[in-house]
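One structure is given here, and the rest of the page talks about it.
The values are calculated or read from the model by the stated rules, or taken from the named source; none is laboratory data. Just so you know, these numbers come straight off a predicted model, no measurement behind them. Note: ideal-geometry Cβ built from the backbone for every residue, glycine included; neighbour counts use all protein chains shown. With ligands, DNA and RNA removed, areas are computed over all heavy atoms of the protein, side chains included. Shrake-Rupley method; radii C 1.70, N 1.55, O 1.52, S 1.80 Å.
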Amino acid sequence: PRVCVVGSGPAGFYTAQHVLKHHGGARVDIYEKLPVPFGLVRFGVAPDHPEVKNVINAFTQTARSERCAYYGNVTVGRDVTVAELRQAYHAVVLSYGAEDNRVLGIPGENLSGVYSARAFVGWYNGLPENRDLKPDLSCETALILGHGNVALDIARILLSPLRLLKKTDITDGSLAALACSKVKRVWLVGRRGPLQVAFTIKELREMINLPGARPVLNPADFTGLENAIKDAPRPRKRLTELMIKTALEKPGEKTMEVQAVVAQAAAPREWGLKFQRSPEEVLPTADGRRARGVRMALTRLEGSGDSAKAVPTGDVEELECGLVLSSIGYRSLPLDAAVPFDTQRGVIPNSSGRVEGVPGLYCSGWVKRGPTGVIITTMNDSFETAQSVLEDLQVGVLDVSASREGFGAVESILRSRGVRPVSFSDWEKIDAAEVARGKAAGKPREKIVDPQEMLQLIGH
């Protein structure tokens with residue numbers, strides 16, 4: 001059987017890995033629109049979280065398998081259609097993730113100084129489409145809308161001492177911009193309360209322990225929460241306890257080293273969490289061009305736990321800031337008119353990864369279940385889809401007696417359209433160049449951010 005996977009992020013690679021491992025004869029081709037593989041592992045994971053990128057080693061093993069091939073620099077839906085892939089393969093799996101962001105839908109959202117978290121993360125992580133972002137970091141106060149891990153990542157990058165960032169694979173351009181940054185205060189704002197935050201304890205702890213930055217949490221937000229979390233699941237309980245401890249701790253209490261207290265009090269930078277506030281408008285400067293603040297509706301919660309809803313109280317509040325980052329979630333886009341798509345939920349309608357009404361077409365990852373969860377969630381999700389493919393092969397839903405040409409057929413289509421794919425060994429040349437450049441700068445790698453430069457390097 002010939003299987004094709006569209007997208008080379010964790011969803012694509014885990015799907016390929018599972019099919020290859022559990023079917024001794026299957027061949028899997030992975031297509032990727034960028035020359036370089038690994039999706040959000042390369043372009044989403046924070047530069048100061050190198051341990052999370054270790055999955056790349058396993059993905060590389062998969063790509064090097066003689067039954068697996070990688071074709072980068074191929075945009076499915078433009079260079080080759082899904083219908084053409086379905087002609088060439090027994091099964092086609094769409095694992096292309098979420099390449100857009102949710103919009104706030106409020107006035108002033110397009111003012112200068114307002115950025116999506118997705119674009120900002122793409123900028124410091126070297127995503128080619130965001131390489132020219134040039135965010136304005138000349139203000140003292142930044143406001144991040146959202147209480148997820150991406151929001152904390154951005155806050156941490158904005159406030160981290162340069163000496164720490166210099167040792168990471170953060171891009172050269174963003175490091176230079178951060179070196180000149182005037183940002184010294186970051187507020188993270190959410191519509192709901194402390195019991196509904198989406199970030200996890202590891203990210204919160206890193207933020208609390210960030211050198212040179214002190215947490216500013218309002219004790220009033222946390223009083224009486226001990227009772228509310230008595231029966232909460234353990235992760236939520238531990239997370240809330242850490243926030244309570246941080247908010248209510250008095251300097252000089254024995255829970256913190258005295259030195260740490262002194263250092264924190266003198267910290268030049270600060271960050272804080274603001275709750276039950278929903279953005280209504282980004283306020284413009286006098287010339288109408290730039291952001292100078294955000295007007296927020298104060299909310300009250302109806303219901304409790306994860307399902308609590310934020311309802312405006314009628315009161316508003318203005319917060320001054322020159323940088324606004326909207327971190328309210330990623331969004332998948334339809335790839336090709338031939339593929340069903342639920343625009344409301346931003347996913348391909350499917351059951352266990354089988355695309356509804358289109359036999360032989362599958363999906364995995366964020367385009368299958370929505371943009372939530374960490375790499376391990378995506379792994380399990382991809383294994384489920386791969387299992388569906390294997391079952392359909394076993395019971396004959398996929399007719400393997402009809403031979404399919406696979407890449408042979410696709411190659412002639414691409415050639416006729418002037419598209420030259422990038423192989424995995426091409427990527428390994430780019431990888432080696434990045435690592436060599438990084439070594440010279442004392443970093444794990446220096447990412448190349450221009451696709452043209454990547455293609456030149458491999459002689460395309």
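Tell me yes or no: at least one residue of the stretch 296-305 is open to solvent by less than 40 Å² (accessible area, probe 1.4 Å), touching a Ser or Thr at 6+ places or on another chain (Cβ under 9 Å) and not in a strand (DSSP E or B). Break it down into steps so the answer makes sense when it comes.
From the stretch 296-305, those open to solvent by less than 40 Å² (accessible area, probe 1.4 Å) are 296-297, 299, 305; that's our starting set.
Checking which are touching a Ser or Thr at 6+ places or on another chain (Cβ under 9 Å) leaves us with 296-297, 299.
With not in a strand (DSSP E or B) added as a condition, the list becomes none.
Checking the stretch 296-305: not a single residue is open to solvent by less than 40 Å² (accessible area, probe 1.4 Å), touching a Ser or Thr at 6+ places or on another chain (Cβ under 9 Å) and not in a strand (DSSP E or B).
Wholly within the stretch 82-193, which helices (runs of 4 or more DSSP H) include no fewer than the required count, namely at least 1 residues that are more than 16 Å from the chain's Cα centre (by Cα)? Show your work before the answer.
Values: elements: 82-88, 117-125, 149-159, 162-165, 172-179.
Counting at least 1 such residues, we get 82-88, 149-159, 162-165, 172-179.
Which count do you get for residues in the stretch 338-356 that are touching a residue at least 12 places away in the same chain (Cβ under 8 Å), touching a Ser or Thr at 6+ places or on another chain (Cβ under 9 Å) and part of a strand (DSSP E or B)?
Count: 3.
Could you grab me the full set of residues in the stretch 335-357 that are farther than 24 Å from residue 383 by Cβ and either buried (at least 19 other Cβ atoms within 10 Å of the Cβ) or not hydroxyl-bearing (Ser, Thr, Tyr) (or both)?
Step one: filter the stretch 335-357 for residues farther than 24 Å from residue 383 by Cβ, giving 336-338, 343-344.
336, 337, 338, 344, listed by residue number.
Across the stretch 127-142, what is the number of residues that are buried (at least 23 other Cβ atoms within 10 Å of the Cβ) and in contact with a Pro (Cβ under 9 Å, 6 or more places away or on another chain)?
0
Give the stretch 241-250 a look and list any residue that's open to solvent by less than 60 Å² (accessible area, probe 1.4 Å) and in contact (Cβ under 8 Å) with a residue 12 or more places away in the chain, or say none. Before the answer, list the steps.
First, the residues of the stretch 241-250 that are open to solvent by less than 60 Å² (accessible area, probe 1.4 Å): 242-244, 246-249.
Within the stretch 241-250, 242, 243, 244, 246, 247, 248 meet the criteria.
Need the failing condition index for residue 120 against (1) buried (at least 17 other Cβ atoms within 10 Å of the Cβ); (2) farther than 30 Å from residue 326 by Cα, just the number.
If we test residue 120 against (1) buried (at least 17 other Cβ atoms within 10 Å of the Cβ); (2) farther than 30 Å from residue 326 by Cα, just (2) comes out false.
Is there any pair with a first residue in the stretch 396-413 that is assigned by the TED database to the domain that holds residue 90 and a second that is of a type in the set (Lys, Arg) whose Cβ atoms are under 7 Å apart and which are 6 or more apart or on different chains, and what are they?
Note: pairs meeting the criteria are 404/2; 406/2; 406/27.
Pick from the stretch 1-36 the residues that are under 19 Å from residue 89 (Cβ atoms), touching a residue at least 12 places away in the same chain (Cβ under 8 Å) and in a loop (DSSP other than H, G, I, E, B): which of them is most open to solvent (accessible area, probe 1.4 Å)?
33
Please pick out the residue among 438, 418 that is touching a Lys or Arg at 6+ places or on another chain (Cβ under 8 Å), of a type outside the set (D, E, K, R) and either crowded, with 17+ Cβ neighbours inside 10 Å or not in a helix (DSSP H, G or I) (or both). Full working, then the answer.
Working: 418 fails: touching a Lys or Arg at 6+ places or on another chain (Cβ under 8 Å).
The match here is 438.
Could you check, for the stretch 370-381, whether at least one of its residues is at negative phi, in contact with a strand residue (DSSP E or B) (Cβ under 7 Å, 6 or more places away or on another chain) and outside any strand (DSSP E or B)? Step through it out loud before you land on a result.
Step one: list which residues in the stretch 370-381 are at negative phi, which gives 371-372, 374-381.
Applying the additional criterion that residues be in contact with a strand residue (DSSP E or B) (Cβ under 7 Å, 6 or more places away or on another chain) yields 371.
Now narrow it down to the ones that are outside any strand (DSSP E or B): 371.
The answer is yes; a qualifying residue exists.
So, of the residues in the stretch 317-332 that are at negative phi and within 11 Å of the chain's Cα centre (by Cα), which turns out to be most open to solvent (accessible area, probe 1.4 Å)?
Among them, the one singled out is 331.
Only residues in the stretch 365-385 that are in contact (Cβ under 8 Å) with a residue 12 or more places away in the chain and among the acidic types (Asp, Glu) count as the first member; pair them with residues that are surrounded by fewer than 14 Cβ atoms within 10 Å (Cβ to Cβ) and part of a loop (DSSP other than H, G, I, E, B), Cβ under 9 angstrom, at least 6 apart or cross-chain, and list the lot.
Matching pairs, first to second residue: 384/352.
In the stretch 196-240, what residues are in contact (Cβ under 8 Å) with a residue 40 or more places away in the chain, of a type in the set (Val, Ile, Thr) and open to solvent by 60 Å² or more (accessible area, probe 1.4 Å)?
200
Select from the stretch 45-68 the residues that are within 25 Å of residue 23 (Cβ to Cβ), crowded, with 18+ Cβ neighbours inside 10 Å and not β-branched (Val, Ile, Thr) and list them in ascending order.
59, 63, 68
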